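In what follows, a structure is listed as structure tokens, so that the remarks can point back to it.
Every number here is computed from the coordinates shown, using simple stated rules; none is lab data. Keep in mind that what you see is a predicted model, and the values were worked out from it rather than measured. Using ideal geometry, Cβ is built from the backbone for each residue, glycine included, and neighbour counts are taken over all protein chains shown.
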Amino acid sequence: MNAGLLKGLGADHVIDYHEQDFTATNERYDIIFDAVSSRSFGECKKALTRHGVYVNTLPTPSIFWHIGTTTLLPGKKAATMMVSQRAEDVAWICEQLRTGRLKVVIDKVFPLDQVKDALACSRTGRARGRSF
Ligand SMILES: NC(=O)c1ccc[n+]([C@@H]2O[C@H](COP(=O)([O-])OP(=O)(O)OC[C@H]3O[C@@H](n4cnc5c(N)ncnc54)[C@H](OP(=O)(O)O)[C@@H]3O)[C@@H](O)[C@H]2O)c1
């Protein structure tokens, strides 16, 4: 469990997903950002506030269907996001790093000739931050 790491990055409250299903409590959220896209809009809907938004990082047919249907209706929404490489965004990220508002977590550092191992580490789904 990475609770200590997450609190160090600024999280006020941490839920261990191995121990507790956050959708099965009475807590309601304005935004659920599913960074590893391990849940679905259907599962998370009940944990959203009336105008809450579920956002994932994996553009599947299912999420597009939910985006389409929830856009037409009032209330809870579904959304997805794709990273695009734009110079102004990179400049903005550099500024956040410079001012300390954004912290980068490096799990392990690999020499260039071990790039295969770095990619394998990243693909485990357990990396604590990035591998370089
Ligand atoms: N949309 C885009 O443009 C875009 C771009 C890049 C990546 N992605 C997507 O973003 C996701 C994250 O990628 P990544 O390479 O940064 O990380 P990753 O290697 O997939 O994530 C590793 C971290 O996620 C945690 N984790 C795994 N399953 C979890 C769950 N069910 N609930 C909460 N935390 C969980 C792990 O913690 P534990 O070890 O404690 O499980 C570990 O700290 C991937 O699904 C990838 O496809 C999207």
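Would you calculate, for the chain, the mean residue ellipticity at 222 nm contributed by helices, counting each DSSP H stretch of 4 or more residues as -39,500 (n - 2.57) and dividing by all residues, to the nearest 500?
The helix-only estimate for the chain comes to -9000 deg cm²/dmol at 222 nm.
Any chance you could run the full-extension gain for residue 35 through residue 72? It's 0.36 nm times the residue separation minus the Cα-Cα distance, nm to one decimal.
10.8 nm
List the longest stretch of the chain that has no exposed loop site; here a site is one of the trypsin sites (Lys or Arg not before Pro) assigned by DSSP to anything other than H, G, I, E or B, with at most 14 other Cβ within 10 Å.
With a cap of 14 other Cβ atoms within 10 Å, the longest stretch comes to 29-85.
Number of Lys-Lys pairs in the range 25-132 under 23 Å by Cα, sequence gap 8 or more or different chains?
The number of close lysine pairs in the range 25-132 is 5.
Can you give the angle from 0 to 90° between the axis of helix 61-72 and the longest principal axis of the chain, with both taken from C-alpha atoms, to the nearest 10?
50 degrees
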